[in-house]
Structures are given as C-alpha cells and as structure tokens.
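The values are calculated or read from the model by the stated rules, or taken from the named source; none is laboratory data. The shown structure was predicted, so the numbers you read here are calculated from the model rather than taken from an experiment. Neighbour counts are summed over all protein chains in view; Cβ atoms, including those assigned to glycine, are modelled from backbone coordinates with ideal geometry.
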Amino acid sequence: MKDTPGWASPGSAPSDGQEPGASGPAEPADRPDPAQQPGADPQGPGPKWSKEQPPPGQWSAPTGPQAPGQAPPPPPPGPGWGARPPAGPGGGHPGYSPPGGYGPWGSGWGGPPPAAKPGVIPLRPLGVGEILDGAVSTMRTYWRTVLGISLTVAIVTEILAILLQGFVLNDYTSTEALNDPSATLSELTDALGDAMLSSSVLFLISVIGAIVATALLTTVTSRAVLGKSVSTGEAWRDARAQVPRLFGLLFLLLLMTVGLVVVGAVPGILVAASGAGEGGAALVVLGSLGAGVVAMWLWFRFSLASPALMLEKQGIVKALSRSAKLVRGSWWRVFGIQLLATIIANVVAAIVVIPFTFLAAALGGDGAGSFLDGTTELGWTFLIISGVGSVIGSMITFPITAGVTVLLYIDQRIRREALDLELARAAGVQGYGTDTPGS
C-alpha cells in the first residue's frame, strides 16, 4: 500500500519502478552487475565505487570544477525540509504537534504567529470566553475608573429611587386589593395600575442610570482594548456629546418593544370587550407572546447600536443601521453571548443583594411585614439597607454588561471589517498586518 500524499515525510514515498519495501534508488535494468565484471570483488563495491562510503543520509551531489575565486557551494541540508525547529519543553517543538504522531518535518513552521494583544483582548476574532474575560479584565485592570463610575451612578440612581419610593410611591400607590379575595374588578384594576406605575417609575430610574454608566464605560472599555487607561473625567468629556443621543436611542428601543407587545395584545382586548371573555383572554396571551418574540428579535438586532453610537459618533438612525449590519447572520451568537453575560452578572449580583434584602426585612420593623406580604408599604430602614445591596449589585452588573456589549461590537467589526488592523495601528503595534495581502 502506498503512503498517503501529504502525511508521509519527504523521500519516503516509493519512486517509479521500485517496490514500496525497497530502499535506495532503482537502477536501470540494462546496467551490468558489478559482481560479474572481471576482477571484481563480489563482497565490495563496483570498480567505479570507492571503498570509503559516507554513512547513509549524508550523500551529497557531485560538484564540478570551480572557477578561481568562486566560493564553494553551501553544504546540503540535512534530512527533512529545512532546519530542525528548536526543541521546546519535553523535547517537542513549542506550539506544534505533528499530525498522527509523526516526527517533525524540519520546516520549523508552528502555525500563524499569535495575534497582538496590546490591551485586554487579542486583536483577532474572539471566542465567548475571551469576551467575558475581557470585560472582567477591564474591571480588574482599571478598577479605579470602572468602579468609580459604577459606584457614582449606582449611588445617585438608588438615592433617587429610595426618596421617590419613600415620599411618593408609598402614599399614592396601594396594592392591598391584590391580596383581597373579595376585591371588586375595579379595585383590582386600580391596584394593578398602581403596581405597574410604581414598577415603571423605578425601572425608568434604573434605565437612566444604566444609560449613563454604559456611555462612560464604553469609552473605558474601548481604551482598555488599546492598553490605554482613561480617567473618569476624560471618559465623561469624550461621551458627553453623545449622551443625549444615547437617551433617545434607548427610549426609541423601549418604545418599539413595548409598542409591539401592546399591538399584539390589541386584537384579544377587542375580542374580550365584545363579550367573548375567555377567547379574548387566550388571544391576548397568544398575541402578546408572538409580539414579544418579534420584539426580542428586534432588541438584539439593534443591541450593538449603543457602542456604534458612542464610538463612531453616529446619529440614532445610523447607529441602528450599523447594528443591524453587524448582527446580520450572527443573531443567535449575539443573543447567546449577551444573555449569558446578563445571567452571570445578575447571579453574582443576587448573591450580594439577597442577603441585604433579608437583613433589611429582619431589621425593618413594619417594612419586614410589607416585604413578606408583597405590598409597597416599605419603611425607611428596609429601603436604606436594601438600597446598599442594590448599589453593590449595580457595581457588578454595570461593568460586565456594558463591557460585553462593547467587546462584542468590536469582535463583530474585526470579523467583518478587519478592525484589528486599525486597532493595532492605534495601539502602536509595529508591523502588524503588513504581510497580510491587501492590508
């Protein structure tokens, strides 16, 4: 059986007219046998062969007469395709493992050179673990700036939420009817409206804080990719002009997703209003679920618009178009990575927030009963202690979610637009990409 091309070492494949098991070059059939020549030694070499033969594997081609002053030709290379690569730990070539357990071919090639890494990520297409590690590395390497931004935004938003809930929402919202089995439909509707109003106001405050934190942390993460630090003041000066547009972008995305869900529920509401209560309720659920799937698809399709707006200094419409272009064909990957990052960040934050919540419930007096009953009458002790836990949790979630979004945006641009070349030049990497065709 002949050796498979591409896996046998040079010279091991049989040549024409020679059996696979034979060694040495095949001789012509009409060559006379040296042992049958007159005066030939049957045990020694032929009459034209020297008795002193070089050892196998060190044959050299005959050289002709050299002209005066001409340097002799270089010695022939040893067996293989070139110089033997230097041995690594354990005797093998570092970074190279021959296929099928064969020895090294002597070329010394161990694959493409490693990508430059001036900052928290290598300048090449990234894997899921590298994106998550880059977000954590940014928080760990530039912790003063990252935690300073996250802490400041979290404290301001949490103070606003506590004051609003303590002075306004506790007095003007009542959800007691939700726990009353004898409550009328009107009372249940009012209680549900109060609960939704309270939740919406608190959610709006948290969204505002997340927008500001994302704007500032986007600048920090983009500089961390280049290995450059940035202070909180520099991050704010760089992001300040785009913050109003970022508010408009997030408001447009929220309006679009909520509007789709409402539109999906309208047919069921109309059917229920016409008298078919059960059929209308079922249609509301189905319509809301279907519209929710479409809204989620659009949300992640435009999820990279925020870093595109901040880093490319684009308008709202252009940022949405850029995100749609970058996500096209990679929706499931973008969805999976951002969902994984959100789950990890919230699990880590919950480990911190839940103990503070139970501690606040235990020390809050009236607030403990309100917490266990599910009402909104929460005391100041409960609000303050649980607010401290929320601040610590936000310090964790803000950098991870914002960092993953920015690194995912950079990864998609590296894959589609060769952004790694521009990043390498911006980071001052010498000679990066100069040997790449078309660079």
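Have a look at Leu147, Leu163 and point out the one that is part of a helix (DSSP H, G or I) and either touching a Lys or Arg at 6+ places or on another chain (Cβ under 8 Å) or without any contact (Cβ under 8 Å) to a residue 40 or more places away in the chain (or both). Reasoning before the result, please.
Values: Leu147 fails: either touching a Lys or Arg at 6+ places or on another chain (Cβ under 8 Å) or without any contact (Cβ under 8 Å) to a residue 40 or more places away in the chain (or both).
The unique qualifying residue is Leu163.
Do we find that Leu202 is modelled with pLDDT under 85, in contact with a helix residue (DSSP H, G or I) (Cβ under 8 Å, 6 or more places away or on another chain), under 21 Å from Leu249 (Cα atoms) and surrounded by 15 or more Cβ atoms within 10 Å (Cβ to Cβ) in this structure? So Leu202 passes the test. Residues in segment 226-240 that are in contact (Cβ under 8 Å) with a residue 24 or more places away in the chain, among the hydrophobic types (A, V, I, L, M, F, W, C) and assigned to a helix (DSSP H, G or I): 2 in all.
So which residues in segment 378-410 are without any contact (Cβ under 8 Å) to a residue 24 or more places away in the chain and not in a helix (DSSP H, G or I), if there are any at all? If the condition is that a residue be without any contact (Cβ under 8 Å) to a residue 24 or more places away in the chain and not in a helix (DSSP H, G or I), then Gly379 is the only one that fits.
Evaluated against (1) buried (at least 20 other Cβ atoms within 10 Å of the Cβ); (2) of a type outside the set (Ser, Thr, Tyr); (3) within 15 Å of Leu255 (Cα to Cα), Leu309 falls short on exactly one condition, (3).
Arg223: modelled with pLDDT of 85 or more and loosely packed, with under 13 Cβ neighbours inside 10 Å, yes or no? It is false that Arg223 is modelled with pLDDT of 85 or more and loosely packed, with under 13 Cβ neighbours inside 10 Å. Just wondering, is there one or more residues in segment 289-299 that are under 19 Å from the mean Cα position of the chain (by Cα) and among the hydrophobic types (A, V, I, L, M, F, W, C)? Taking every residue of segment 289-299 in turn, at least one turns out to be under 19 Å from the mean Cα position of the chain (by Cα) and among the hydrophobic types (A, V, I, L, M, F, W, C).
Looking for something loosely packed, with under 14 Cβ neighbours inside 10 Å and either touching a Lys or Arg at 6+ places or on another chain (Cβ under 7 Å) or closer than 25 Å to Glu158 by Cα (or both) - is there at least one such residue anywhere in segment 257-272? Yes, that holds for at least one residue.
The number of residues in segment 227-249 that are crowded, with 17+ Cβ neighbours inside 10 Å and under 24 Å from the mean Cα position of the chain (by Cα) comes to 5.
If you scan segment 330-342, which residues turn out to be closer than 11 Å to Arg301 by Cβ and small (Gly, Ala, Ser)?
Looking only at segment 330-342, we keep the residues that are closer than 11 Å to Arg301 by Cβ, and these are 330-331, 334-335.
Hit for segment 330-342 is Ser330, nothing else.
Of the residues in segment 312-322, how many are buried (at least 16 other Cβ atoms within 10 Å of the Cβ) and assigned to a helix (DSSP H, G or I)? Residues flagged as buried (at least 16 other Cβ atoms within 10 Å of the Cβ) and assigned to a helix (DSSP H, G or I) within segment 312-322 amount to 4.
When you go through Ala282, Ala265, Ala272 one by one, which is the residue that is of a type in the set (A, V, I, L, M), in contact (Cβ under 8 Å) with a residue 24 or more places away in the chain and assigned to a helix (DSSP H, G or I)? After ruling out the rest, the residue left standing is Ala265.
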